[in-house]
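Read through the structure below, which is laid out as structure tokens, and then see the notes.
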Amino acid sequence: MKKILIVGAGYEQIDMISKAFDMGHYVIVADADPLAPGFEYASESHIISTTNKEELLKLASEKQIDAVSYMITETPMESVLYISKSLNLPGPSEESVKASQNKNEMRRMFEISEVPGPTFQLISEQDSIDYDKLTFPLVIKPSDKAGQIGLNRVYEPSQLSIAMEKAFKHSSKKEVVIEEYLEGQELNIVIFVQNNRIELLTISDRERHPTKSFGVALSHRFPSKYYSDALYHEIRSLCEKIIKSLNISNGIVYPQILLKDNCLYVIEVGERIPGGKMKEVFKLATGYDLVELQLKLSLNEEIDLEKINQFKVYKSVFIDFLTAKPGILDTGKVLKAEGIEEARNVPNVIEANYFVNPNEGLEIRPLNTASDRFFYVITAGDNINQVIEGNKESQNKISFVVDKSSEVNR
């Protein structure tokens, strides 16, 4: 039995905590929230902020841990790096952590390595903006946040000040990135890297509304409708540049890439298991569980994919999220849910469940960020059209009765 420290015990970290426990390990978790839902799945839990690296290192040293890990959120990365370096354990690379904490740093690294991306400039609160150098539309975002927090698209100069104010509000470093907006097909890439080599790679389409709830994915489709052997090899070559630039020798890497006019542009990269049900896409498409792979890497285990537990592989996977506008759901507290069991029994349905934590009270919120998505349906099979139709049929069986008087606009 090995001792694993998992930094973060939120709703989306439960999968890793449970998996580590099921693998026979002693699981220690830390989170600032005394009511963190992951605590009940752990061997022991500690109320420590995921950014308090000194206290976390003290805990890790006292417990003589064998591994430290995290998933989905990038917030704990600096702490995990600090612990792993101090105790000589596997962890994220320094370059990867710098890039995740500062989008300007990421762009600088990519420019040096000739990784293509949108043009950008970094603005602090003291800087003045040269409007003559701006070409609209633009993307405005905090330099140190993810998950669409503080993210805006602006079409004209009159919208810029409000977007900048919002981005500065969410930036702990009070720095904002002004980025060229590129219109094209967004692609989610998930790669498993071991010994400096890409061993698994998936390419899926990331679909969102063209004008509303900017940046929030409303569905994922595997394989990409643009998939070809040529595109696969081009993306693989680009990903090799990315992992070399970020000095990643072992890890799960999540690049978000845009395909525009047959050219590829890197929008974001994270050395982490992705959220938004992307790990489910990977599992259904490859047969491998990203959480298990990450835990084994954290334990410094050599992974032989031919010997590791493999799940059923599907040729096509489709995930659709049920949300408030631009989705079909009304906002407000949910009084009654109907048709969920019937939806789960539709052919090709793998999962149909709440995206939010149902134990915290069900409320359909306005769709501002990815965390505001309410429900999801996952379908998989060998025919993409049947898979998509099954998803639609499943959704049609689900309805929610809400108390509209409780509606809260955020």
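Being surrounded by fewer than 17 Cβ atoms within 10 Å (Cβ to Cβ) and outside any loop (DSSP other than H, G, I, E, B) is the filter; apply it to the stretch 79-89 and report the residue that is farthest from the chain's Cα centre (by Cα). Checking each candidate, the answer is Ser86.
When Arg107 is tested against the conditions (1) farther than 29 Å from Lys277 by Cβ; (2) touching a strand residue (DSSP E or B) at 6+ places or on another chain (Cβ under 9 Å); (3) basic (Lys, Arg), the lone failure is (1). Apart from one condition, Pro92 fits all of (1) surrounded by 23 or more Cβ atoms within 10 Å (Cβ to Cβ); (2) in a helix (DSSP H, G or I); the exception is (2).
So, in the stretch 137-178, how many residues would count as being over 22 Å from Arg108 (Cα atoms) and among the aromatic types (Phe, Trp, Tyr)? Of the residues in that region, 1 qualify.
Within the group Ser86, Ser93, Ser69, which residue is in contact with an Asp or Glu (Cβ under 9 Å, 6 or more places away or on another chain) and at pLDDT 95 or above? One residue alone meets the criteria, Ser93. Applying the condition of being of a type in the set (Phe, Trp, Tyr) and part of a helix (DSSP H, G or I) to the stretch 1-31 and asking which residue is nearest to Ala67 (Cα to Cα) yields Phe21. Restricting attention to the stretch 104-160, and to residues there that are of a type in the set (Gly, Ala, Ser) and not in a loop (DSSP other than H, G, I, E, B), which single residue is farthest from Ile257 (Cα to Cα)? Restricting to residues being of a type in the set (Gly, Ala, Ser) and not in a loop (DSSP other than H, G, I, E, B), the top hit is Ser158. The residue that is surrounded by the fewest Cβ atoms within 10 Å (Cβ to Cβ), among those in the stretch 32-50 that are part of a loop (DSSP other than H, G, I, E, B) and touching a Ser or Thr at 6+ places or on another chain (Cβ under 6 Å), is Ala32.
Counting the residues of the stretch 49-74 that are over 23 Å from the mean Cα position of the chain (by Cα) and of a type in the set (A, V, I, L, M) gives 5. Only residues that are over 24 Å from Leu57 (Cβ atoms) and under 17 Å from the mean Cα position of the chain (by Cα) were counted across the stretch 15-46, and they come to 1.
Residue-by-condition table, conditions (1) among the charged types (D, E, K, R); (2) within 28 Å of Arg365 (Cα to Cα):
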| site | (1), (2) |
| --- | --- |
| Glu186 | yes, yes |
| Ile198 | no, no |
| His220 | no, yes |
| Tyr226 | no, no |
| Asn250 | no, no |
| Asn262 | no, no |
| Ile267 | no, yes |
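Taking the conditions (1) surrounded by 15 or more Cβ atoms within 10 Å (Cβ to Cβ); (2) in contact (Cβ under 8 Å) with a residue 40 or more places away in the chain in turn, Asn195 satisfies each one other than (1). For Ser61, the test of being out of contact with any helix residue (DSSP H, G or I) (no Cβ under 7 Å at 6 or more places or on another chain), over 23 Å from Lys145 (Cβ atoms), of a type in the set (S, T, N, Q) and surrounded by fewer than 17 Cβ atoms within 10 Å (Cβ to Cβ) is passed. Is it the case that Ser213 is among the polar types (S, T, N, Q) and surrounded by 16 or more Cβ atoms within 10 Å (Cβ to Cβ)? Judged against the criteria, Ser213 is a match. Might you let me know whether the stretch 267-280 holds any residue that is within 20 Å of the chain's Cα centre (by Cα), buried (at least 21 other Cβ atoms within 10 Å of the Cβ) and farther than 30 Å from Lys141 by Cα? No: zero hits.
The values are calculated or read from the model by the stated rules, or taken from the named source; none is laboratory data. This one's a predicted model, so the numbers in the text were calculated from it and none came from an experiment. Note that each Cβ is placed from the backbone with ideal geometry, even for glycine, and that neighbours are counted across all protein chains shown.
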